[in-house]
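All remarks here apply to the structure that follows.
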Amino acid sequence: MDDCIIVGAGPAGLTAAIYLARFHLSIRLFDSGTSRAGWIPRTRNHAGYPEGISGQELLARMKEQAAKYGAVIEHSLVTSMGGEDGDFWVGTDDGTYTARTVLLATGVVNNHPEGLEAALHDEALARGLLRYCPICDGYEVTDKRVAVIGTAKHGTAEALFLRGYTADLTLISPHADHDLDEECSAKLDEAGILRVAGPCGGYAIEGERIAFDTAGGRMAFDSLYPALGSHIRSELAEQAGAKLAETGCVVVDDHQRTSVPGLFAAGDVVLGLDQISHAMGEGGVAATTIRNHLAETRPIRR
């Protein structure tokens, strides 16, 4: 039995693995290879990397660091979990594993524009023609021609955020018509943000831009931001009986404890700022709390 099983190998899970391994605890981390951080062509918000670092390289460095201190990394998908008598089990295609504590760092998955093929999606993402996080990379679209696919309050909020970087902004509905109330319309008008109806389709990379069809004709942009929400991967927390917020995020306290004793959560699966630095901070808090939780029943001594 391990001291802690970590589900998810993104910035939160890997930070926790580094901390816990250096606490001389037995750690098993499950990596399904789908961390959202791995999509990032180059992050320039992460402190210490003035020229930026790719998401894949950052994750690889963190995995190497965790393994250096003894964390065991399993490359498999956890599909089920539960707890009994204070201990936990997680199920994978390879078998069942047990631990005294579990940290869920399963993250979220962004919803992609409908009709955008996977190969084209990945190429556009790698080239900066498709972006998902204006907090992360809005700086890179300064004074560029930018579109946001979205509508209602969420699409409006994303477009208004990006207005801080460029005046050439178009909000395009993913459907036939926009769903904008008077308040949203007034804010978009005041900001000078153009609105175009959908639906969108016929995506292609044309020269140095991403182009697609709309109700207003074919349009091309330097970057496209989908504001279509995301899927929160909180199914395992729900299986274990943890409390979820209305949004689907896992509810935790200030020390990353869920409503189930011994079960913790950190990173984007928890309600908060979806940023690498924030996820790492939560991973460190969770790891320290886990260490102290374990020490309450078994002194940790060398």
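Where a number appears in this text, it was derived from the coordinates with a stated rule and is not lab data. Here the structure is a predicted model, which means the values were calculated and not measured. A quick note on method: Cβ atoms are made from the backbone with ideal geometry, for glycine too, and the neighbour counts reach across all protein chains shown.
Across the stretch 88-135, how large is the tail of the calculated P(r) beyond 15 Å, expressed as a percent of all Cα pairs? Don't skip to the end; give the middle numbers.
Values: 733 of 1128 pairs.
So the portion of pairs separated by more than 15 Å is 65 percent.
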Packing-based exposure ordering (other Cβ within 10 Å, fewest first) of LEU29, LEU77: LEU77, LEU29
For the stretch 96-115, list residues with backbone N below 12 Å from a point placed 7 Å from the Cα of ARG298 toward its Cβ? 99-101
LEU125 paired with SER185, simple spin-label distance in nm, labels 7 Å along Cα-to-beta-carbon: 3.6 nm
Near LYS144, which lysines are there with a Cα under 25 Å away, not counting those fewer than 8 places off in the same chain? LYS153, LYS187
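As a check on your grasp of the helix formula, calculate [θ] at 222 nm for the chain: sum -39500 (n - 2.57) over DSSP H runs of n ≥ 4, divide by the residue count, round to the nearest 500.
On the way: 8 runs with 85 residues, N = 302.
For the chain, the value works out to -8500 deg cm²/dmol.
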Got a sec? Charge dipole of the chain, +1 on Cβ for Lys and Arg, -1 for Asp and Glu; which of ALA37, PRO134, LEU171 is way out at the positive end? ALA37
Under Karplus coefficients 6.51, -1.76 and 1.60, residue-wise ³J(HN,Hα) of the stretch 250-262 in Hz, glycine/proline x: 6, 7, 10, 8, 5, 10, 6, 7, 7, 6, 9, x, x
Cβ-placed point charges (K, R +1; D, E -1), dipole of the stretch 112-226 about Cα centre in debye, nearest 20: 160 debye
What are the ³J(HN,Hα) couplings of the stretch 288-296, residue after residue, when phi is run through the Karplus curve with 6.51, -1.76, 1.60 and θ = phi - 60°? Round to Hz, x for glycine and proline. 5, 5, 4, 4, 5, 4, 5, 5, 5
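Give me the net charge for the shell around GLY248: Cβ to Cβ below 15 angstrom, other residues only, Lys and Arg +1, Asp and Glu -1. Intermediate values should be presented prior to the final figure.
Working: positive: ARG233, LYS243; negative: GLU235, GLU238, GLU246, ASP268, ASP274.
Local net charge: -3.
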Starting from the Cα of LYS68, draw a straight line to each of the lysines and keep only those under 24 Å, dropping any in the same chain fewer than 8 residues away. none
Karplus couplings for the stretch 20-28 from phi (6.51 cos²θ - 1.76 cosθ + 1.60, θ = phi - 60°), rounded to Hz, Gly and Pro as x? 5, 5, 6, 7, 6, 10, 8, 10, 10
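Taking the DSSP beta bridges in the stretch 58-205 as the whole, what percent of them are antiparallel, to the nearest 5?
Working: 11 of 18 bridges.
Roughly 60 percent of the beta bridges in the stretch 58-205 run antiparallel, per DSSP.
List the relative contact order of the chain as a percent without decimals, with contacts defined as Cα pairs under 8 Å and 6+ residues apart. Intermediate results must be reported in sequence, preceding the final value.
Details: 650 pairs, mean separation 62.3, N = 302.
Taking the mean separation of contacting Cα pairs over the length of the chain, I get 21 percent.
Can you give the % of DSSP beta bridges in the chain that are antiparallel, to the nearest 5?
Working: 26 of 54 bridges.
Close to 50 percent.
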Given Cβ charges of +1 for Lys and Arg and -1 for Asp and Glu, the option among ALA295, ALA191, SER76 whose Cα lies farthest towards the positive end of the dipole of the chain is ALA295
Using only the Cα atoms of the stretch 112-226, build the gyration tensor, take square roots of its eigenvalues as a ≥ b ≥ c, and label the shape rounded, prolate or oblate: rounded if a/c is under 1.5, else prolate if a/b is larger than b/c, else oblate. oblate
Principal-axis tilt of helix 152-162 within the chain, Cα atoms, nearest 10 degrees: 90 degrees
With a point put 7 Å past each Cα toward its Cβ, work out how far ALA167 is from ILE135 in nm, to one decimal. 2.9 nm
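Determine, from the Cβ-Cβ distance of LYS243 and ARG61 and an R0 of 22 Å, the FRET efficiency 1/(1 + (r/R0)^6), rounded to the nearest 0.05. Kindly include the intermediate steps, with their values, before the conclusion.
Numbers: r = 34 Å, r/R0 = 1.56.
Step by step, r from the Cβ atoms, then E = 0.05.
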With each pseudo-label sitting 7 Å past Cα toward Cβ, what's the LEU194-ALA152 distance in nm, one decimal? 2.6 nm
Please identify, among MET219, MET280, MET81, the residue showing maximal mean-square fluctuation in a Gaussian network model of the chain using a 10 angstrom Cα cutoff. MET219
Where does each of VAL252, VAL102, VAL108 land when they are ranked from fewest to most other beta-carbon atoms within 10 angstrom? VAL108, VAL252, VAL102
Run the lone-cysteine check on the chain: no other Cys C-beta under 4.7 Å from the residue's C-beta. CYS4, CYS184, CYS200, CYS249
Please check which bits of the stretch 130-159 a label hung off HIS175 would reach, taking the label as a point 7 Å along Cα-to-C-beta and the cut-off as backbone N under 16 Å. 149-156
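Indicate the gyration tensor shape class of the chain (rounded, prolate or oblate), computed on the Cα atoms with a ≥ b ≥ c the square roots of the eigenvalues: a/c under 1.5 is rounded; otherwise a/b larger than b/c is prolate and the rest oblate. It would help to have the intermediate numbers written out before the result.
On the way: a/c = 2.36, a/b = 2.04, b/c = 1.16.
Since a/c reaches 1.5 and a/b is larger than b/c, the shape of the chain is classed as prolate.
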So, R0 is 35 Å and r is the distance between the beta-carbons of HIS255 and ASN45; what FRET efficiency does that work out to, to 0.05? 0.85
